[in-house]
Structures are given as structure tokens and as C-alpha cells.
1. Along its three principal axes, how long is the range 125-250 when you only count alpha carbons? Whole Å, largest extent first please.
2. Say each of residue 117 and residue 178 gets a label point 7 Å from the Cα, pointing the same way as Cα to Cβ; how far apart are those two points in nm?
3. Among 248, 151, which comes first, second and so on when ranked by fewest other beta-carbon atoms within 10 Å?
4. Got the relative contact order for the range 132-250 handy, in percent, Cα pairs under 8 Å and 6 or more residues apart?
5. Please compute the contact order of the range 102-199 in relative form: average sequence separation of alpha-carbon pairs under 8 Å and at least six residues apart, divided by the residue count, as a percent.
6. When a footprinting reagent is the concern and you count Cβ atoms within 10 Å, what order do 240, 136 take, fewest first?
7. For the range 106-178, with equal point scatterers placed on the C-alpha atoms only and solvent neglected, what are the log10 I(q)/I(0) values from the Debye formula at q = 0.24, 0.26 1/Å, to two decimals?
8. Within the range 167-191, name every residue whose backbone N is under 20 Å away from a label modeled 7 Å from Cα of residue 240 along the Cβ vector.
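Coordinate-derived values only; no laboratory data. All of these numbers come straight from a predicted model, not from anything done at the bench. Virtual Cβ from ideal backbone geometry, glycine too; neighbours counted across all protein chains shown.
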């Protein structure tokens with residue numbers, strides 16, 4: 001009769017497990033170290049899996065194509081200026097519902113660069129009329145004159161924020177009166193200027209505008225922009241009580 005897996009002498013004998021055999025001290029130490037090492041690996045693996053699960057749960061969801069961490073002040077989105085910070089066509093800059101914040105440029109305006117300083121001698125200026133630079137320590141009293149005024153004193157008034165309206169001596173009296181009427185205020189000088197090259201020239205510190213007519217609408221625009229304006233080194237300083245040059249009529 002065939003017998004599975006044993007010899008004829010082993011029939012009915014108990015099967016002995018090899019692990020039940022006595023082990024040497026060296027083998028017992030090796031098995032104990034293996035158990036401790038396997039336990040440590042198991043603990044580390046469990047900690048790693050737990051950390052991965054926690055980070056996946058707490059991580060913020062990002063929009064498709066957007067890296068995490070872009071939310072906040074630097075993020076783009078839908079706002080008053082449109083999607084993604086793009087300004088809506090036709091909308092005024094800055095979200096204002098009124099006119100644009102920048103003033104309309106004055107056509108024909110010329111700009112220069114002059115540094116102020118006080119001198120007691122006559123000055124040869126690079127612009128005519130001068131738009132700034134060295135000048136007398138005494139300013140010219142603002143007002144209307146019927147003859148040419150000292151340039152060095154007039155430039156000091158420009159430093160104080162004055163607008164100097166010069167005109168060709170051949171300009172008709174009615175146009176002179178219209179020019180004076182178009183420039184009211186206590187920081188305005190109106191005077192003739194021989195060899196002007198234009199019927200009228202408006203000057204403030206470092207800016208100038210040449211005109212053909214006293215009815216030009218750029219006259220009040222120039223005054224609004226530069227009378228005691230941002231280009232003057234000392235805007236708002238006195239324009240009276242110094243030198244009333246000959247020919248002062250108003």
C-alpha cells in the first residue's frame with residue numbers, strides 16, 4: 001500500500017517541527033534581532049503612511065493648472081477690472097466711474113530743465129523768454145505791465161509759481177486786454193517782449209507754450225496746470241512787495 005511523503009519506518013511516527021529543535025545562543029540572538037528590526041520597520045512604515053494620509057486631507061485644492069500657494073494678494077481672479085486682472089475695455093483706469101485721472105496733455109507744450117540759483121548779474125538765458133535758471137534775489141511784482149520787464153526778476157517770480165504771459169509789442173490792444181482777462185490771479189505777469197517770435201508766449205518754470213491768439217482755449221488750461229503748479233521750485237511764495245518795475249499798470 002503506497003504511503004505519501006515518508007519511508008516505511010516512519011509510518012505512524014509523530015512529525016517533529018524543526019523550529020522546536022534546540023537553538024544555539026548565537027541563533028537565538030540573531031532571531032531576536034530580526035524580530036526587533038522587523039518591528040521597527042513596521043512602525044516607520046505606519047508613521048509614513050499616516051503622514052501621507054494627513055497631508056492629502058489637509059492640502060488645499062488648487063484650480064486646474066494653478067500651482068498651490070498662489071491664492072492671496074498675488075492671485076488673479078475676477079474683480080472690478082475683469083477676469084485675471086485684465087482691464088475691461090472702455091472702463092476708466094483705477095475703477096473710477098468718472099473721468100480719467102490724468103490731465104489732458106496741452107498740445108504744443110515745450111518743457112525744459114533749469115536749476116534755480118541767485119545771481120546779482122545779468123543772465124543770458126538759453127530760452128526766450130526764459131523758463132528758469134539763475135535769477136535775481138529780488139522777484140518781480142506780479143501784475144500787468146505795458147513795457148518789457150527785467151528778465152532776472154521775472155524768472156524769480158516763476159520760481160514762486162507765477163505764469164508769465166508775454167506778447168509781441170505789435171499785438172492789438174483788444175487782444176492784450178483779452179489776454180489779461182484770460183489770466184486772472186495774483187501770480188500772473190503780463191508784459192510785452194520785443195523779438196518774441198510769436199504773438200503770445202505763456203511761460204511757467206521749465207514749461208512754455210507759444211500761441212497765435214488771445215482766444216486760444218489752451219490759455220486757461222495752461223494756467224490751471226502750471227499756476228503755482230508742480231514744476232515751480234517754490235509754488236505759492238509771494239509775488240508782490242518786491243520790485244514793481246516801470247510800466248506797471250495793474
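1. Over the range 125-250, Cα extents along the principal axes are 33, 29, 28 Å.
2. It works out to 4.2 nm between the two label points.
3. Numbers: 248 18, 151 21.
If I rank by nearby Cβ atoms, fewest first, I get 248, 151.
4. About 39 percent, as a whole number.
5. Details: 144 pairs, mean separation 26.5, N = 98.
Reported as a whole number, the value is 27 percent.
6. Starting with the residue having the fewest Cβ neighbours, the order is 240, 136.
7. With no solvent term, the Cα-only Debye profile gives -1.17, -1.28.
8. Correct set: 180-191.
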